[in-house]
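The values are calculated or read from the model by the stated rules, or taken from the named source; none is laboratory data. The shown structure was predicted, so the numbers you read here are calculated from the model rather than taken from an experiment. Don't worry about glycine lacking a Cβ; one is built from the backbone with ideal geometry, like all the others, and counts go over all protein chains shown.
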Amino acid sequence: MQGPLIETLVQQGVSRRTFLKYCATLASMMALPPAAGLAMAEAMAAAKRPSVIWLPFQECTGCTESITRSHSPTIEGMIFDMISLDYQETLMAAAGFQAEEARHNAMKENMGKYLLIIDGSIPLGVDGGYSCIGGRSNIDLLQEAAQGAAAIIAMGSCASYGGIPKANPNPTGAVSVSDLIKDKPIVNIPGCPPIPSVMTGVLAHYLTFGSLPELDDKGRPKAFYGETIHDRCYRRPFYDQGKFAKTFDDEGARQGWCLFELGCKGPVTYNACATVKWNGGTSWPVESGHGCLGCSEPDFWDAGSFYKPLSTPADPLKFVAAASVVGAVAGVAVSVANRAKKGAAKSAHETTTLADLEK
Amino acid sequence: MSPLETIPIHVINPLPASLADPVGLTGNAPPLLHELSESVRRLLDTGETTAIDLSALPLTPADLVWLLEKLGTGEIAVTLQANGESTLNETACPGIWWVTHHNEQGAVTSQFIEVALVPELVKAHPLDVKRGYEYLELMMSDL
């Protein structure tokens, strides 16, 4: 199983053109020229599979679901054929001591060479006791596995930035991988969940060029997180023309106009959803009519309402009045605004202020 | 027959984005034609090939339909069955190819306009040709 990748693929009935097509798509996702797609195919076809150890910490397994379920079986097979996945609790058949032994063996045999993938945040509260595997805390396991790793891939927003476990009030004291490990190259692949092709792209880059891709200031691969959702959004032209959907069911929404005023976080969110899309290229949140939540940004969960526009309109009272006229507007947003309004009025008999509306 | 079975169910794969309901032209497509004419000139002068990644550009479905109509249909239409269908169609301007990759579910995974004498994917790889040659030799030795 350690021969060149293309031989394994051919044995499984995957033709070179299938692989080339896959690499062309991957290169296009990484904003590389077509020549790079070809180079990528050549290099990956000849690559030896690196050992990969995948440790799940304080997570929901959504990242694993994202990777394993979103593509057709052949492509998914390819993803796992490119690597030698030596430890992944959810996917591996082994359990208990056997599983732990597999991890130890992989770590020993590939000392200094294996890739370590982490999903989930690491809780530091009560000495790391909030999340343990085989009686050992996550932080303990991470520090042990990080020592011999060539590089670490932080999969998903939890491993990258702490994610939902870290959300206010952060009961378990959750932190990200890069908060703890300082002496290893770390790639953050945030998203809740992250786009599977982004992970494949990072692996492909590692196999092709022998190095990790170029990262931005938040540790994310620039090829995928180089531009905002907004800049690559197919609805962007409507933003430029000042055409906005005002509610989720008005004429503008039906015409596919910009969702900025419905709280879309696309302008401040760096991710590849707009180009790579989801579910095998079927669609993505904005295409299905809902604004971006900004899930690949640090602390997105605490960034205010998903339905609050990024910049508050100049005359918020007029905005709410107009909204209540059309009725079921942005349901949650209005009910929250109304509740805040009512609460404030009840308790203090004060005029509703901008701050109340933003609650 | 239970009442549930009387409900007719049709599974309809979504149309490729380029054929879905147009939501309006943005004016972003015409500049692409200028870029294409530059690319064709480069192909003629130096033999350099170009690929434009359509999913990376802010084009609406209507823009893509507009582009397809402007570029027209040429003489060659290549269909590739490799993990889903791919079409590599010559446009009315020889040297400009409209390349669409679908996955096995029929969704478009990537879409390019390629400027080349022959699209890269159509060419046979020498190692595959060698494998074919070996098969041919083997087959003939059995005759």
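Can you spot a residue in segment A:171-190 that is under 30 Å from B:Thr60 (Cα atoms) and either touching a Ser or Thr at 6+ places or on another chain (Cβ under 6 Å) or modelled with pLDDT of 90 or more (or both)?
Among the residues of segment A:171-190, at least one is under 30 Å from B:Thr60 (Cα atoms) and either touching a Ser or Thr at 6+ places or on another chain (Cβ under 6 Å) or modelled with pLDDT of 90 or more (or both), which makes the answer yes.
Looking at B:Thr73 and the list (1) in a strand (DSSP E or B); (2) at pLDDT 90 or above; (3) polar (S, T, N, Q), which single condition is not satisfied?
Looking at each condition in turn, B:Thr73 falls short on (1).
How many residues does segment B:22-65 contain that are over 19 Å from the mean Cα position of the chain (by Cα) and part of a loop (DSSP other than H, G, I, E, B)?
Selection size over segment B:22-65: 9.
Check A:Phe300 against each of (1) of a type outside the set (Ser, Thr, Tyr); (2) closer than 28 Å to B:Val108 by Cα; (3) under 18 Å from the mean Cα position of the chain (by Cα) and name the one condition it does not meet.
(2)
Test A:Gln88 against the stated conditions and say whether it is at pLDDT 80 or above, over 22 Å from the mean Cα position of the chain (by Cα) and polar (S, T, N, Q).
It is false that A:Gln88 is at pLDDT 80 or above, over 22 Å from the mean Cα position of the chain (by Cα) and polar (S, T, N, Q).
Go through segment A:272-295 residue by residue and tally those that are within 14 Å of chain B (Cβ to nearest Cβ) and either in a loop (DSSP other than H, G, I, E, B) or within 12 Å of the chain's Cα centre (by Cα) (or both).
Total satisfying the criteria: 13.
Among the residues that make up segment A:224-234, is at least one of them surrounded by 22 or more Cβ atoms within 10 Å (Cβ to Cβ), of a type in the set (Ser, Thr, Tyr) and free of Cβ contacts under 8 Å to residues at least 60 places away in the same chain?
So far as segment A:224-234 goes, yes, one or more of its residues are surrounded by 22 or more Cβ atoms within 10 Å (Cβ to Cβ), of a type in the set (Ser, Thr, Tyr) and free of Cβ contacts under 8 Å to residues at least 60 places away in the same chain.
From the residues in segment B:36-85 that are crowded, with 17+ Cβ neighbours inside 10 Å and charged (D, E, K, R), which one is nearest to the other protein chains (Cβ to nearest Cβ)?
Within segment B:36-85, the match that is nearest to the other protein chains (Cβ to nearest Cβ) is B:Asp53.
Would a scan of segment B:86-105 turn up a residue that is part of a helix (DSSP H, G or I), facing chain A (nearest Cβ under 9 Å) and either farther than 21 Å from B:Thr46 by Cβ or among the polar types (S, T, N, Q) (or both)?
Looking through segment B:86-105, none of the residues is part of a helix (DSSP H, G or I), facing chain A (nearest Cβ under 9 Å) and either farther than 21 Å from B:Thr46 by Cβ or among the polar types (S, T, N, Q) (or both).
Which members of segment B:117-143 meet the condition of being under 24 Å from the mean Cα position of the chain (by Cα) and within 11 Å of chain A (Cβ to nearest Cβ)?
B:Pro119, B:Glu120, B:Leu121, B:Val122, B:Lys123, B:Ala124, B:His125, B:Pro126, B:Asp128, B:Val129
Could you tell me whether segment A:261-268 includes any residue that is more than 20 Å from A:Leu310 (Cβ to Cβ), surrounded by 20 or more Cβ atoms within 10 Å (Cβ to Cβ) and within 22 Å of the chain's Cα centre (by Cα)?
no
Among the residues of segment B:92-104, count how many are without any contact (Cβ under 8 Å) to a residue 24 or more places away in the chain and surrounded by fewer than 20 Cβ atoms within 10 Å (Cβ to Cβ).
Residues that pass the stated criteria total 3.
Could you tell me how many of the residues in segment B:88-139 are among the hydrophobic types (A, V, I, L, M, F, W, C) and over 28 Å from B:Leu36 (Cα atoms)?
Adding up the residues that qualify gives 5.
Quick test for you: out of A:Ile153, A:Ile117, A:Ile122, pick the one residue that is of a type in the set (A, V, I, L, M) and touching a helix residue (DSSP H, G or I) at 6+ places or on another chain (Cβ under 6 Å).
Selected residue: A:Ile122, the only one of A:Ile153, A:Ile117, A:Ile122 that is of a type in the set (A, V, I, L, M) and touching a helix residue (DSSP H, G or I) at 6+ places or on another chain (Cβ under 6 Å).
Enumerate the strands (runs of 3 or more DSSP E) found wholly within segment A:112-220, keeping only those where 2 or more residues are assigned by TED's automatic domain parsing to the domain that holds A:Ala45 and farther than 30 Å from A:Thr282 by Cα.
It comes to A:114-119, A:149-155.
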